[in-house]
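S.K.: Got a structure here, written out as structure tokens. Questions coming.
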Amino acid sequence: MIKITMRILSCLIALCLLGLLGSCDFQEQPGDDTLRVVATIFAPYDFARAVAGGLAGVTMLLPPAGESHSFEPTPRDVIAIRRCDVFIYVGGESDAWVERILSGMDTSRMRVVTLMDCVDTVEEAIIEGMQAGNEYGGEELDEHVWTSPKNAALITRKIAAAMCAADPRNAEQYRQNTLTYLAELDALDAAFQSLVGGAARRTIAFGDRFPFRYFTDAYGLDYCAAFPGCSAETEAGAKTVIFLIEKIRAEGIPVVFHTELSNRSMAGAIAGATGAQVRQLHACHNISREDFAAGRTYLDLMEENLEALRAALY
């Protein structure tokens, strides 16, 4: 009796496993020709989602609230890349893992979009007062190309072209969705230009990494910060903190920024010493679990950045 029960239990477990495997592969079932798009991080994921307008399956590999610079793909992530029709990643040092994975795949049927190939890139800079000694700053190209709405528009066009080529049946709708989204990005760009154009000051301060080089270049802003954008550092030395405190005091800078999902302790300490406010400027690397579940977008986060920047410049 026990042997029969164990045999039945084994069969049930096997059936459950088959069911789980089948559920992971539901997009691969015969007759399902939905376009599959995979992006590594939030910003291009959201651009692709805007282009798709619900007509494609768009997946983000980086888990919400995860750290993009230390991301390591799981076997399931590798399978998702292998099965997708359009794959979007940033490029640069942080995405070295992507190159390793793609080199072992047949990518002939896959459209690949590399964000750093979509725009004119610049080197990540170490400026006065910034703590050096990390593996990226000053030697590698700055990877945070999407932080400028102007660049976001260029990237969106490339993503849309890849999706249209991969899914001609829905290409016209993708084009219409893209035109609508580009108009929204143009309006966002105009809002930032207007805001900065009438500002009382031009310098923003960060008690954190600084992934906004493309953004500040686009709008003629100056900045001071603890670390470059791709720095592995999380705690600044006394010399860096003192420089930022003195800079904020000397120029009367009213806000010290931190980026999303970061340790805010340094920004808080600098604010405590200067009387500045602590505000977040969202770089759109990633998004919190709550915001992801709520469907927050790049445009939503950039609208919040407009208000945060207003507090810093006026």
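S.K.: List pairs: first residue in segment 102-114 and open to solvent by 20 Å² or more (accessible area, probe 1.4 Å), second residue assigned to a loop (DSSP other than H, G, I, E, B) anywhere in the structure, Cβ distance under 8 angstrom, at least six positions apart or on different chains.
M.R.: Listed by first residue and then by second, the contacts come to R109/D85; R111/D85; T114/V90; T114/G91.
S.K.: Among the residues of segment 264-277, count how many are hydroxyl-bearing (S, T, Y) and touching a residue at least 12 places away in the same chain (Cβ under 8 Å). If you could, list the steps in order and put the result at the bottom.
M.R.: Our first condition is that a residue be hydroxyl-bearing (S, T, Y); within segment 264-277, this holds for 265, 274.
From what is left, the residues that are touching a residue at least 12 places away in the same chain (Cβ under 8 Å) are 274.
Of the residues in that region, 1 qualify.
S.K.: Test each condition in (1) more than 26 Å from the chain's Cα centre (by Cα); (2) open to solvent by 30 Å² or more (accessible area, probe 1.4 Å); (3) farther than 24 Å from F192 by Cβ for E251 and report the one that comes out false.
M.R.: (3)
S.K.: Next up: Run down T180, T156 and say which single residue is under 22 Å from the mean Cα position of the chain (by Cα), in a helix (DSSP H, G or I) and exposed (fewer than 15 other Cβ atoms within 10 Å of the Cβ).
M.R.: T180
S.K.: Continuing with this model, one more query. Against the definition (touching a residue at least 60 places away in the same chain (Cβ under 8 Å), open to solvent by less than 50 Å² (accessible area, probe 1.4 Å) and within 30 Å of T107 (Cα to Cα)), how does Y223 come out, yes or no? Walk me through how you get there before you give the answer.
M.R.: Values: touching a residue at least 60 places away in the same chain (Cβ under 8 Å): yes; open to solvent by less than 50 Å² (accessible area, probe 1.4 Å): yes; within 30 Å of T107 (Cα to Cα): no.
So Y223 does not fit the description; no.
S.K.: Please verify whether segment 226-242 includes one or more residues that are of a type in the set (S, T, Y), farther than 21 Å from E307 by Cα and open to solvent by less than 30 Å² (accessible area, probe 1.4 Å). Step through it out loud before you land on a result.
M.R.: First pass over segment 226-242, keeping only residues of a type in the set (S, T, Y): 231, 234, 240.
Add one more test, that the residue is farther than 21 Å from E307 by Cα, and what stays is 231, 234, 240.
Checking the rest, the ones that are also open to solvent by less than 30 Å² (accessible area, probe 1.4 Å) come to 231, 240.
Among the residues of segment 226-242, at least one is of a type in the set (S, T, Y), farther than 21 Å from E307 by Cα and open to solvent by less than 30 Å² (accessible area, probe 1.4 Å), which makes the answer yes.
S.K.: Moving on to the next point. Looking at segment 189-214 only, could you name the residues that are under 20 Å from the mean Cα position of the chain (by Cα), within 16 Å of A311 (Cβ to Cβ) and in a helix (DSSP H, G or I)?
M.R.: F192
S.K.: Mind listing whichever residues of segment 156-194 are of a type outside the set (S, T, Y) and touching a Phe, Trp or Tyr at 6+ places or on another chain (Cβ under 6 Å)? Before you say what the answer is, go through the steps one by one.
M.R.: Filtering segment 156-194 down to residues of a type outside the set (S, T, Y) leaves 157-173, 175-177, 179, 182-193.
I159, A160, M163, C164, F192, listed by residue number.
S.K.: If a residue must be under 20 Å from A165 (Cα atoms), open to solvent by 20 Å² or more (accessible area, probe 1.4 Å) and free of Cβ contacts under 8 Å to residues at least 60 places away in the same chain, how many such residues does segment 80-101 contain?
M.R.: 3
S.K.: Look at R76 and say whether it is surrounded by fewer than 16 Cβ atoms within 10 Å (Cβ to Cβ) and either modelled with pLDDT of 95 or more or touching a Phe, Trp or Tyr at 6+ places or on another chain (Cβ under 8 Å) (or both).
M.R.: Numbers: surrounded by fewer than 16 Cβ atoms within 10 Å (Cβ to Cβ): yes; either modelled with pLDDT of 95 or more or touching a Phe, Trp or Tyr at 6+ places or on another chain (Cβ under 8 Å) (or both): yes.
Taking the combined requirement at face value, the residue satisfies it.
S.K.: Residues that are surrounded by fewer than 19 Cβ atoms within 10 Å (Cβ to Cβ), among the basic types (K, R), part of a loop (DSSP other than H, G, I, E, B) and within 24 Å of the chain's Cα centre (by Cα): does segment 264-271 have at least one? Give the derivation first.
M.R.: Looking only at segment 264-271, we keep the residues that are surrounded by fewer than 19 Cβ atoms within 10 Å (Cβ to Cβ), and these are 264-265, 268-269.
Filter once more, so that each one left must be among the basic types (K, R): 264.
Now restrict to residues that are part of a loop (DSSP other than H, G, I, E, B): 264.
Now restrict to residues that are within 24 Å of the chain's Cα centre (by Cα): 264.
Yes, some residue in segment 264-271 is surrounded by fewer than 19 Cβ atoms within 10 Å (Cβ to Cβ), among the basic types (K, R), part of a loop (DSSP other than H, G, I, E, B) and within 24 Å of the chain's Cα centre (by Cα).
S.K.: Return yes or no: is R49 surrounded by 15 or more Cβ atoms within 10 Å (Cβ to Cβ) and under 19 Å from T178 (Cα atoms)? Before the answer, list the steps.
M.R.: Details: surrounded by 15 or more Cβ atoms within 10 Å (Cβ to Cβ): yes; under 19 Å from T178 (Cα atoms): yes.
Yes, satisfied.
S.K.: Give all pairs with beta carbons closer than 7 Å in which a residue from segment 241-263 that is of a type in the set (K, R) meets a residue that is open to solvent by less than 10 Å² (accessible area, probe 1.4 Å); count only pairs at least 6 apart in sequence or on separate chains.
M.R.: So the pair list comes out as K247/A205; K247/C224.
S.K.: I242: modelled with pLDDT of 95 or more and either aromatic (F, W, Y) or assigned to a strand (DSSP E or B) (or both), yes or no?
M.R.: Numbers: modelled with pLDDT of 95 or more: yes; either aromatic (F, W, Y) or assigned to a strand (DSSP E or B) (or both): no.
Answer is no for this residue.
S.K.: Within segment 281-299, is even one residue touching a Phe, Trp or Tyr at 6+ places or on another chain (Cβ under 9 Å), among the charged types (D, E, K, R) and either surrounded by 19 or more Cβ atoms within 10 Å (Cβ to Cβ) or touching a residue at least 40 places away in the same chain (Cβ under 8 Å) (or both)?
M.R.: No, because not a single residue in segment 281-299 is touching a Phe, Trp or Tyr at 6+ places or on another chain (Cβ under 9 Å), among the charged types (D, E, K, R) and either surrounded by 19 or more Cβ atoms within 10 Å (Cβ to Cβ) or touching a residue at least 40 places away in the same chain (Cβ under 8 Å) (or both).
The values are calculated or read from the model by the stated rules, or taken from the named source; none is laboratory data. Everything numeric here is computed off the predicted structure, so don't read it as measured data. Neighbour counts are summed over all protein chains in view; Cβ atoms, including those assigned to glycine, are modelled from backbone coordinates with ideal geometry. Keep in mind that these areas ignore ligands, DNA and RNA; they rest on the heavy atoms of the full protein, side chains included. Shrake-Rupley method; radii C 1.70, N 1.55, O 1.52, S 1.80 Å.
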